[in-house]
Amino acid sequence: MMASPYLQCDSEQKLQCHWGLLLPPGCVVIQTSSSLTKMGCGSSIPKNCKVGGKGRKRHSIIEEVAVFVPTIRIPVDSDVVHPLRGLVSKELVDRLSKLRAHVVSLSEEIFLLTESRLEASVEFRWKTLDDDQECCVSSAWYEVLSVVHMLAMLALFEANLMLIPKDGQVGGERKVSEDAKKDVVDSLLKASGCLDYSVHHILVQIPAQVKKSFPCYLQEGMLEAISIQALAQCVEIQLGLASECEKATLSVKRRLACELVTYFSQAHYCLSGCDTSDSYGKKLLLFLKWKCMEAKAVAYYYHGLVLDKGAEASNHISAVCCLSAAEDLVTDSKRACLSFCLASPITRVPPPWGIMKNMHKKIPDAAYRKFQMYGYLFEQDKNSAHQSLPDLPEFALSLKPEGYELPSTDSIWDNVDSQPQIQSLKEHLNDEEDEVETK
């Protein structure tokens, strides 16, 4: 299976050698804007939109969404040199400064986590790519979180790109090969793993007071929701493949559909304690509401077909109830989809694809046929308890986030030459002059 495009730069060896350069026991990497093109993301950046710079033009193309990407953030110039002089060696300061410069171009990584006295020495600045909202925090763990978050967003972005028609046809049918869908699943699992690691291994390192200054999209519940959303969309693709496979039984399809409902419901629940007042939070809530309705429609459809296999009249009544509910949910999901697309930033209404490609017709047809067959049963016993909508069965969830680990610490932190450099008075005064000039 092809490696995920967002991990490919000049060479994986070069990438790995930078991974551990900065981070004392544990840190991270990201690519430069030039690397984005090599990673396969450049084609998704509109040609009339410059990345960075005051003269950036905003593109007017309304994008299509298959995999929802809340936001992509990029690093902004931060002064690494002056805050660290006298605290660590000149060699280390120079290397950190050069690597941070690469990060600003969207490359490499940094980190000052070995010693707590250095953790808050540098102010790290990041901004959102679409609206230039900037967040500056004096925390190396914030930098780690930002880089891992960006890796996750790039993985989601790449997954979305692989599912969108390459010919740019508006409203064109999505034709995606099975191999491409497997690559999408790989990217989604990587994104989920990065976000899951962020929640359980990075956020716990950051004091509550520091986290209060974080933007809404870095809240714990928000990161958890997007991690689970990525797993849900993996199951969505699996369900679509199962629906096209003759060997897949109704029970298998129902199980996947019920799992899909659980994943999207869990993701939606994670946002219950979050501030979702900004555009990112509102858009994510609407996306999860829409996808959860679609998942329930499919789950009730397959549950109804399974129940209808039973010989008792009660089975047929319950089946009709399920199919009727599925039909209502399909109608509601179309409205929810429109609400999502119209919410800022506006996105194009996508064509039905995957499992929903045929469900918009299958479900109403099945509901009509079954009611024609068994409608008389409802008339025979109008007060029957079987005429209520049955609960969907619950199944153990089959997918977990892909394991993610920060790279190993660079050996420079163990080198005796990395001790703080003692400056002469003249050098210290020169540094002070340099700092005043830069301001």
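The values are calculated or read from the model by the stated rules, or taken from the named source; none is laboratory data. Because the structure is a prediction, the values reported are computed rather than measured. No Cβ is skipped: glycine too gets one built from the backbone with ideal geometry, and neighbour counts run over all protein chains shown.
Values as computed for the structure displayed
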item: Enumeration of residues in segment 395-422 that are modelled with pLDDT under 80 and of a type in the set (S, T, N, Q); result: S408, T409, S411, N415, S418, Q419, Q421
item: Test: residue in segment 172-190 that is part of a helix (DSSP H, G or I), of a type outside the set (G, A, S) and free of Cβ contacts under 8 Å to residues at least 24 places away in the same chain; result: no
item: Members of segment 251-278 that are under 18 Å from S344 (Cα atoms) and buried (at least 18 other Cβ atoms within 10 Å of the Cβ); result: T276
item: Pick from segment 355-394, criterion outside any helix (DSSP H, G or I) and at pLDDT 85 or above, ranking: surrounded by the fewest Cβ atoms within 10 Å (Cβ to Cβ); result: D391
item: Complete set of residues in segment 223-258 that are among the acidic types (D, E) and more than 15 Å from G354 (Cβ to Cβ); result: E224, E246
item: Total residues in segment 183-206, condition more than 13 Å from the chain's Cα centre (by Cα) and closer than 18 Å to V65 by Cα; result: 1
item: Within segment 241-285, tally of residues that are within 23 Å of H303 (Cα to Cα) and either charged (D, E, K, R) or in contact (Cβ under 8 Å) with a residue 12 or more places away in the chain (or both); result: 24
item: Check on W126, of a type in the set (A, V, I, L, M, F, W, C), in contact with a Pro (Cβ under 7 Å, 6 or more places away or on another chain), surrounded by 21 or more Cβ atoms within 10 Å (Cβ to Cβ) and at negative phi; result: yes
item: Residue list for segment 326-348, restricted to those being buried (at least 16 other Cβ atoms within 10 Å of the Cβ), under 11 Å from F287 (Cα atoms) and not polar (S, T, N, Q); result: A336, C337, F340, C341, A343
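Every residue, every condition in (1) over 24 Å from M162 (Cα atoms); (2) part of a helix (DSSP H, G or I), yes or no:
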site	(1), (2)
L223	no, yes
E246	yes, no
G281	yes, yes
K296	yes, yes
